[in-house]
Amino acid sequence: MQKYKLFGEVSGLPFFLLWQPCQYHLLALILSIFWFYRTAIDFNKNIGGVYTSLLVEAFYTKLENPFQNIVGDMDDNGVVTYTRTNAKKGAKVTGVNIEFKLFPTKKLSFNSGFTIQSSKYDEIQADNFNKKDFYRTPDSYGFFTVD
């Protein structure tokens with residue numbers, strides 16, 4: 001489980017510390033500084049006795065010193081070592097998120113959401129299949145729940 005804690009500001013920018021358990025139960029401390037912009041419209045209304053909510057938001061994040069994984073060579077035992085480092089250039093994450101909630105009764109609710117995003121490094125990453133895209137990061141995802 002990853003935990004973030006607001007640590008302070010550097011030149012007016014907030015920075016967060018990421019504590020992550022790693023091999024041999026040691027804690028790895030990684031510093032990431034970012035710019036974050038977000039705008040949203042949240043519409044809530046009771047329509048015919050049914051509470052409805054619609055949230056539409058757009059976001060832009062500029063990462064400085066983003067994480068990258070460097071894939072090592074396989075050793076004699078078949079073990080491949082992945083090393084997490086910081087990329088030399090930055091990265092950007094942009095996208096749009098839409099969430100819809102419907103409460104037809106006090107005991108029943110429907111929640112859904114969908115996000116379309118783009119996560120790209122500023123330069124091609126040699127250890128990322130020579131692409132700018134973040135490895136294993138979807139361009140779209142969503143959810144639907146019934147409570």
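Every number here is computed from the coordinates shown, using simple stated rules; none is lab data. Being a predicted model, the structure only gives us computed values, none of them experimental. We place every Cβ from the backbone using ideal geometry, glycine too, and count neighbours over all the protein chains shown.
Here Asp76, Asp139 are placed in order of increasing Cβ neighbour count within 10 Å, fewest first, which gives Asp76, Asp139. Bridging of Lys88 to aspartates and glutamates at a Cα separation below 18 Å is possible for Glu64, Asp122, Glu123, Asp127, Asp133, once same-chain residues fewer than 8 apart are set aside. Under a model in which nothing but the beta-carbon of Lys, Arg (+1) and Asp, Glu (-1) is charged, region 52-114 shows a dipole of about 500 debye around its Cα centre.
Computed from point charges on the beta carbon alone (+1 for Lys and Arg, -1 for Asp and Glu), the dipole magnitude for region 100-147 about its Cα centre is near 380 Debye. For region 66-132, the convex hull spanned by the alpha carbon atoms encloses 148 Å³ per residue.
Sort region 44-105 into rounded, prolate or oblate with this rule: let a ≥ b ≥ c be the square roots of the eigenvalues of the Cα gyration tensor; rounded if a/c is under 1.5, and if a/c is not under 1.5, prolate when a/b is larger than b/c, oblate otherwise.
It is oblate, given that a/c is not under 1.5 and a/b is not larger than b/c.
By the count of other C-beta atoms within 10 Å, a proxy for reagent exposure, Ile41, Ile70 are ordered fewest to most as Ile41, Ile70.
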